[in-house]
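Structure first, then comments.
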2 protein chains.
Amino acid sequence: MSSVAGKRAAPVPLKHVSITGGFWAERQSVNRDVTIPAIYRKLEETGRIESWSMAGPAAPPSSHQRIGVRVFWDSDSGKWLESAAYSLATHPDAELQALADDLIDAIAGAQREDGYLNSYFPVHFPEGEWANLRDNHEMYNAGHLMEAAVAYHQATGKRKLLDVLARFSDHIAATFGVEEGKQSAYGGHPEIELALVKMYRETGEKRFLDLASYLIDERGQAPHYYDYESVQRGERPEDYWARTYRYCQAHLPLREHTEANGHSVRACYLYAGIADVALETGDDELSRLSRLLWDDLTQHQMYVHGGVGPSHHNEGFTFSYDMPTETAYCETCAAIALAFWAHRMFHLDPDSRYIDVMERAIYNSSLSGLSHAGDEFFYANPLAAYPGVNPLGRWDEQVEDGHYRRVKWYHCPCCPPNISRLIAGIGDYSYSQAGNRVYAQLYHSNAVSLDIGGQQLQLLQSTDYPWDGNISFTVEAAGAVDFELALRIPDWCYNYQLSVNGVAQRVSVDKGYAVLGRQWSDGDTVDLTLSTPVERVMPHPDIRQTAGQTALQRGPLLYCLEEVDNGPRLANVCIPADSELDVSLDSELLGGVAVITGKALRIEPAQASSALYRHHSVASYAETVFMIKAIPYYLWANRDPGEMRVWIRSS
Amino acid sequence: MSSVAGKRAAPVPLKHVSITGGFWAERQSVNRDVTIPAIYRKLEETGRIESWSMAGPAAPPSSHQRIGVRVFWDSDSGKWLESAAYSLATHPDAELQALADDLIDAIAGAQREDGYLNSYFPVHFPEGEWANLRDNHEMYNAGHLMEAAVAYHQATGKRKLLDVLARFSDHIAATFGVEEGKQSAYGGHPEIELALVKMYRETGEKRFLDLASYLIDERGQAPHYYDYESVQRGERPEDYWARTYRYCQAHLPLREHTEANGHSVRACYLYAGIADVALETGDDELSRLSRLLWDDLTQHQMYVHGGVGPSHHNEGFTFSYDMPTETAYCETCAAIALAFWAHRMFHLDPDSRYIDVMERAIYNSSLSGLSHAGDEFFYANPLAAYPGVNPLGRWDEQVEDGHYRRVKWYHCPCCPPNISRLIAGIGDYSYSQAGNRVYAQLYHSNAVSLDIGGQQLQLLQSTDYPWDGNISFTVEAAGAVDFELALRIPDWCYNYQLSVNGVAQRVSVDKGYAVLGRQWSDGDTVDLTLSTPVERVMPHPDIRQTAGQTALQRGPLLYCLEEVDNGPRLANVCIPADSELDVSLDSELLGGVAVITGKALRIEPAQASSALYRHHSVASYAETVFMIKAIPYYLWANRDPGEMRVWIRSS
């Protein structure tokens, strides 16, 4: 990226961001020590590593071998490799690198002469190759392997996987496209679009960008490719199990879409790819489309924890302001995909409102996907939990209860390596740079190396964020450097103090950033204090499910009540409007956590009775005062099982 | 039934109850003029009448012909005939009787030599006969035809259908049973059990009761018959689409059941049959089982409108205190089946608590199943409705939106003829008699003919119930008659006045009845005034979905708010605890309805904003006072579509 002022913004790569302590150092340490090894073991146990030998494992667990889940095995290898690559970029580890190299060798060995790469179809179902783009995830797998290839190249300089994926991309481009003799097709689960733009950025080779553009332009065009391929398979298009191409954002040509819809992970990966292509091609229509979809999603369809997709049925969107709490799906992957999209939106349209959403999604409904210990995972991230509730409404059967308790693995384990790669890659989301303006996006303790018009400097950041809002920067530079430090004032922050070398500053806020432009010298310090009182969150009046209820937030963290701290029947708890809410550090709790305490009421009938319904004229309510204890939402379900609730009745 | 004091209680048959005006006269008039003809037309249109020719209709609507719904066609004929019979019993109609006679002739003509009777299997799927008792509804159909046969015999004295069903019953008894050479089986959808007891009571022939007893005792026994028949069909028992025999109350032998579970219509029909058999056989264990299941259902699993079965997935029960509102299933048939069961429980254990539930279910979640005009039907009866909500959570497909707007017919049209037969048969639920005690169960204007130890008398009842609580009785008798008039004091009533011939009476209440025992003479009058203030209903503290909310009830009628009267965003409406609620007759509304009005608050953010979430420190709520108008729940969705809500926030 150019560093000339006025040039477009780009992320500062994670290799330049050394995390030096605090929140993310701890999360990355658990990721390296526990999560990455745990996921690798599961890849091995379930046959995913062995599958690249193109022989198939001897006796794989049968339920993991169903074609419905078998077809995305390759993506799990990809995401694990990507996570390992980010970790290696900042924390070299010979053993991990050897493991990754072996896996890459296996993947490379599985590639066919013509470039096609898939661990399933050539061996197990040759006639299925490219026969069902709607369902079979071949392009999705390719995308995740491409992201891994780019990450591994950046981390290690090794390009073996990058070359493999370039050849696979060329195979895809030779098979699909507008030209004579090619099919006009695209994958049912978007992901490859954003991955191809990464390939383009890494290699500078425009053919990857062209393929991404093609896949976006082709999506949803008539006559519909998925109709065609259904008929080719001897199926009736109307028998599509998901009932409508809205599920995979292919019901209309993309440029005609006006709202976020369908499967939410597919949607957000796709929208991220659209933003990438818009940025790289300068296509104004795609930029406008990106903003239209963004506004729809964030103004009508986003949960307070940054989760998206209320419905279990389509793993996706329903309609505006529909925010069920206990049955919310809010897949971990969807929050992560939203964070990815948000990050791209900022670089398309530098404004902190995108990063505010990114931060919301990362700290809340993404991080909740991982246990504190690092080896158990949530797929769904509801806003309330009640023991015994079956989120699918299937009362007469068992379901993977990992939807409400974290588990070690899933038949469709897309979420575990996704949260792992997000944590390993958090450095990528920390700073952006546009010419001589440096944006501080996520606050945490780190040292970032910057190049300002050819001048090198280090910026040291020190903070206990998100536990408090005190952030200090120190400049380390050989000489004076003229640059703007753009400090994000988060949307949740109404008061902040800013000083340079101890002198209070008054600066205007530009699109959400307090911009300090000056000649900086070695040893200069900046102190930013974001005020982080406990905030009561009011839902939009059209959200019927949480009317009359309040959520607690402090800084970027959404809080919740758990039964283990507050007793059962959380629906009967009411936080009076005038109740004072205090923050304190509970150093015994899950490694040290700022908890919120305060007086609340438990409002229940004054007289015990087995009657389901009583009349107020003959029975009454009693209010019992007690102290609530709220913990950060992302940490729920790490202790005794029980009820959980984000939205609390208020008065 | 004997009329000697101390003998067991039995319903006074509807032929002896002449409805003379008021609420039920109007509902029965609509039923006769609109509903019964409308259902017959649908039976014709969909091929159900023609199906008895055993040739099959020329071109039936294909979606109505799927085996999944085709297998219960016969029950629809049965329920229509039963409804027609009750109507003919009190309102002779030569045209209707001719139509019924023709249908009975067709049914009789369809019976096979060996007694087997089914419009589907012999012609369309001979190898399916008795091959899938779990799913195929042959016994269920038999049960509904038996109920029709008994009703038609009582109404007209004609026994053709009764003889046909007796032969079918004998065929069943010859095929299934504990004896050598018979299969040990029972139907997946209970219903025949209670019908066989009706056959026994009508004919006095014990073989029908014995078959009912056998079917109850066999249910759920190991080795499991449904396992056996699955294997016979070449299927694996574990592939059962409903996943567990709990769905059809066959997971355990019935005497080991401790809670109401599975499909709620199946459950309540079955429990009604158990109570019937307990009463007729004097089986104390079955009596205790009945009370155990009753207490579980009414103390843990019953909605405030008398609906049961929260889940769409199994059309049935979930777990104690689980009462979702907007997604509640609460099938019309389940409320009706609960009313049937309640009525039987009273006769097993004469106590008004059963009739209180019966009244709750009839006036609220049963009657809501029928439009005011009489030709549209609800299948589900939710406690809240929001336009656009898909009750199945299936966002990417169309569903029969009759789950939220009444429609003319369903693929599975069990509810339309069920509500029709309940209304036509309401006279059966009005009085019971045990020796010289006469129980007044449901209050309405009628004249009932009674036989007290051989003495004949008429009791005239006059009331505007449920619109007010003033009820007057007049005795018409040739001479003095010694009997007890037991007047139900409903569970919702805390104050009442009672007078005989204008003289105030103080009587003790015995199991919910104010009992007036005396020598009655012609012209004696009784005036009962039940106080009917507007009551605010409090939910049990374990019902999390309605915590902090109140429902309005007056007399037996539950009320609701509709958008057409109260504007949108009903979730933001709050009824202050001290708000005065008035009752007035709205004579323009749906034929004249008592409505509830009063001051309420609409609590919404003071400042308009497109933000989904705002912090209370920078935004606030405003309370707008407005007058709410609540209408009886059973009348909702008869005007403009929009939101509906039973449970309203309260303060």
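The values are calculated or read from the model by the stated rules, or taken from the named source; none is laboratory data. Keep in mind that what you see is a predicted model, and the values were worked out from it rather than measured. Virtual Cβ from ideal backbone geometry, glycine too; neighbours counted across all protein chains shown. Surface accessibility is based on the protein's heavy atoms, side chains included, excluding ligands, DNA and RNA. Shrake-Rupley method; radii C 1.70, N 1.55, O 1.52, S 1.80 Å.
Mind checking which residues of segment B:627-649 are in contact (Cβ under 8 Å) with a residue 40 or more places away in the chain and surrounded by fewer than 20 Cβ atoms within 10 Å (Cβ to Cβ)?
Applying the first criterion (in contact (Cβ under 8 Å) with a residue 40 or more places away in the chain) to segment B:627-649 yields B:628-649.
Selection gives B:Lys629, B:Asn638, B:Arg639, B:Asp640, B:Pro641, B:Gly642.
On the basis of being more than 13 Å from chain A (Cβ to nearest Cβ), more than 22 Å from B:Ile362 (Cβ to Cβ) and assigned to a strand (DSSP E or B), does B:Gly598 make the cut? Yes, satisfied. Residues in segment B:199-219 include at least one that is touching a strand residue (DSSP E or B) at 6+ places or on another chain (Cβ under 8 Å) and either among the hydroxyl-bearing types (Ser, Thr, Tyr) or at pLDDT below 95 (or both). Please determine whether any residue of segment A:283-301 is away from chain B (no Cβ under 14 Å), closer than 23 Å to A:Gln441 by Cα and touching a residue at least 60 places away in the same chain (Cβ under 8 Å). So far as segment A:283-301 goes, yes, one or more of its residues are away from chain B (no Cβ under 14 Å), closer than 23 Å to A:Gln441 by Cα and touching a residue at least 60 places away in the same chain (Cβ under 8 Å).
Got a sec? Which of B:Leu297, B:Leu279, B:Leu270, B:Leu252 is in a helix (DSSP H, G or I) and over 23 Å from B:Leu209 (Cβ atoms)?
Numbers: B:Leu279 fails: over 23 Å from B:Leu209 (Cβ atoms); B:Leu270 fails: over 23 Å from B:Leu209 (Cβ atoms); B:Leu252 fails: in a helix (DSSP H, G or I).
After ruling out the rest, the residue left standing is B:Leu297.
Scanning segment B:185-241 for residues that are polar (S, T, N, Q) and either under 26 Å from the mean Cα position of the chain (by Cα) or within 25 Å of B:Asp163 (Cβ to Cβ) (or both) gives B:Thr203, B:Ser213. With respect to the conditions (1) at pLDDT below 95; (2) open to solvent by 10 Å² or more (accessible area, probe 1.4 Å), B:Asn314 falls short on a single one, namely (2). Screening A:Val178 with (1) open to solvent by less than 10 Å² (accessible area, probe 1.4 Å); (2) not in a helix (DSSP H, G or I) gives one miss only, at (1).
Does A:Gln433 meet the test of being modelled with pLDDT of 95 or more, open to solvent by less than 10 Å² (accessible area, probe 1.4 Å), over 15 Å from the mean Cα position of the chain (by Cα) and over 22 Å from A:Pro324 (Cα atoms)? When the stated conditions are applied, A:Gln433 does not pass them.
Checked across segment A:351-360, the condition of being hydrophobic (A, V, I, L, M, F, W, C) and either touching a Lys or Arg at 6+ places or on another chain (Cβ under 7 Å) or within 12 Å of another protein chain (Cβ to nearest Cβ) (or both) holds for at least one residue.
Residues checked against (1) under 26 Å from B:Ser29 (Cα atoms); (2) out of contact with any strand residue (DSSP E or B) (no Cβ under 6 Å at 6 or more places or on another chain); (3) crowded, with 23+ Cβ neighbours inside 10 Å:
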{"position": "B:Gln299", "(1), (2), (3)": "no, yes, no"}
{"position": "B:Gly309", "(1), (2), (3)": "no, no, yes"}
{"position": "B:Tyr321", "(1), (2), (3)": "no, yes, no"}
{"position": "B:Ala337", "(1), (2), (3)": "yes, yes, yes"}
{"position": "B:Ala342", "(1), (2), (3)": "yes, yes, yes"}
{"position": "B:Phe346", "(1), (2), (3)": "no, yes, yes"}
{"position": "B:Asp349", "(1), (2), (3)": "no, yes, no"}
{"position": "B:Met358", "(1), (2), (3)": "yes, yes, yes"}
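Taking the stated definitions as given, is B:Met538 without any contact (Cβ under 8 Å) to a residue 40 or more places away in the chain and in contact with a His (Cβ under 7 Å, 6 or more places away or on another chain)? Show your work before the answer.
Working: without any contact (Cβ under 8 Å) to a residue 40 or more places away in the chain: yes; in contact with a His (Cβ under 7 Å, 6 or more places away or on another chain): yes.
For B:Met538, the condition - without any contact (Cβ under 8 Å) to a residue 40 or more places away in the chain and in contact with a His (Cβ under 7 Å, 6 or more places away or on another chain) - is met.
Residue pairs whose Cβ atoms lie under 9 Å apart, sitting 6 or more positions apart in sequence or on different chains, and linking a residue in segment B:568-580 that is more than 7 Å from chain A (Cβ to nearest Cβ) and more than 12 Å from B:Ile628 (Cβ to Cβ) to a partner that is of a type in the set (S, T, N, Q) and outside any loop (DSSP other than H, G, I, E, B), are B:Ala577/B:Thr550; B:Ala577/B:Ser650. Looking at segment A:333-347, can you tell me whether even one residue there is without any contact (Cβ under 8 Å) to a residue 60 or more places away in the chain and within 14 Å of chain B (Cβ to nearest Cβ)? Within segment A:333-347, not a single residue is without any contact (Cβ under 8 Å) to a residue 60 or more places away in the chain and within 14 Å of chain B (Cβ to nearest Cβ).
Is one or more of the residues making up segment B:576-588 in contact with a His (Cβ under 9 Å, 6 or more places away or on another chain), surrounded by fewer than 17 Cβ atoms within 10 Å (Cβ to Cβ), in a loop (DSSP other than H, G, I, E, B) and not β-branched (Val, Ile, Thr)? Yes, segment B:576-588 contains a residue that is in contact with a His (Cβ under 9 Å, 6 or more places away or on another chain), surrounded by fewer than 17 Cβ atoms within 10 Å (Cβ to Cβ), in a loop (DSSP other than H, G, I, E, B) and not β-branched (Val, Ile, Thr).
Given segment A:66-175, what helices (runs of 4 or more DSSP H) lie entirely inside it while holding 2 or more residues that are over 25 Å from the mean Cα position of the chain (by Cα)? I'd like the intermediate steps shown before the answer.
On the way: elements: A:67-70, A:73-90, A:94-110, A:121-124, A:138-156, A:160-175.
Those helices (runs of 4 or more DSSP H) span A:94-110, A:121-124, A:160-175.
Of the numbered criteria (1) open to solvent by 50 Å² or more (accessible area, probe 1.4 Å); (2) in contact with an Asp or Glu (Cβ under 8 Å, 6 or more places away or on another chain), the one A:Tyr120 fails is (1).
Hey, any hits in segment A:215-238 for a residue that's within 14 Å of another protein chain (Cβ to nearest Cβ), assigned to a loop (DSSP other than H, G, I, E, B) and touching a Leu at 6+ places or on another chain (Cβ under 9 Å)? Taking every residue of segment A:215-238 in turn, none turns out to be within 14 Å of another protein chain (Cβ to nearest Cβ), assigned to a loop (DSSP other than H, G, I, E, B) and touching a Leu at 6+ places or on another chain (Cβ under 9 Å).
Out of the residues in segment B:448-458 meeting the condition of being in contact (Cβ under 8 Å) with a residue 24 or more places away in the chain and outside any loop (DSSP other than H, G, I, E, B), tell me which one is surrounded by the most Cβ atoms within 10 Å (Cβ to Cβ). The selected residue is B:Val448.
Scan segment A:33-49 for residues that are outside any helix (DSSP H, G or I) and over 17 Å from A:Gln97 (Cβ atoms) and jot them down.
Matches in segment A:33-49: A:Thr46, A:Gly47, A:Arg48.
Scanning segment B:590-626 for residues that are closer than 30 Å to B:Ser368 by Cα, buried (at least 17 other Cβ atoms within 10 Å of the Cβ) and of a type in the set (A, V, I, L, M, F, W, C) yields B:Val593, B:Ala594, B:Val595, B:Ile596, B:Ala600, B:Leu601, B:Ile603. Only one of the listed residues (A:Arg167, A:Arg134) is within 24 Å of A:Met54 (Cβ to Cβ) and charged (D, E, K, R). That residue is A:Arg167. Go over the candidates B:Ala151, B:Ala131, B:Ala110 one by one and state the one that is crowded, with 24+ Cβ neighbours inside 10 Å and in contact (Cβ under 8 Å) with a residue 12 or more places away in the chain. Of the residues listed, the single one that is crowded, with 24+ Cβ neighbours inside 10 Å and in contact (Cβ under 8 Å) with a residue 12 or more places away in the chain is B:Ala151. Going by what's in this entry, would B:Asp542 be described as surrounded by fewer than 16 Cβ atoms within 10 Å (Cβ to Cβ) and assigned to a loop (DSSP other than H, G, I, E, B)? When the stated conditions are applied, B:Asp542 does not pass them.
Being touching a His at 6+ places or on another chain (Cβ under 8 Å) and either modelled with pLDDT of 95 or more or outside any helix (DSSP H, G or I) (or both) is a property that holds for B:Tyr321.
Among the residues making up segment B:545-567, those that are open to solvent by 10 Å² or more (accessible area, probe 1.4 Å) and not in a strand (DSSP E or B) are B:Gln545, B:Ala547, B:Gly548, B:Glu563, B:Val564, B:Asp565, B:Gly567.
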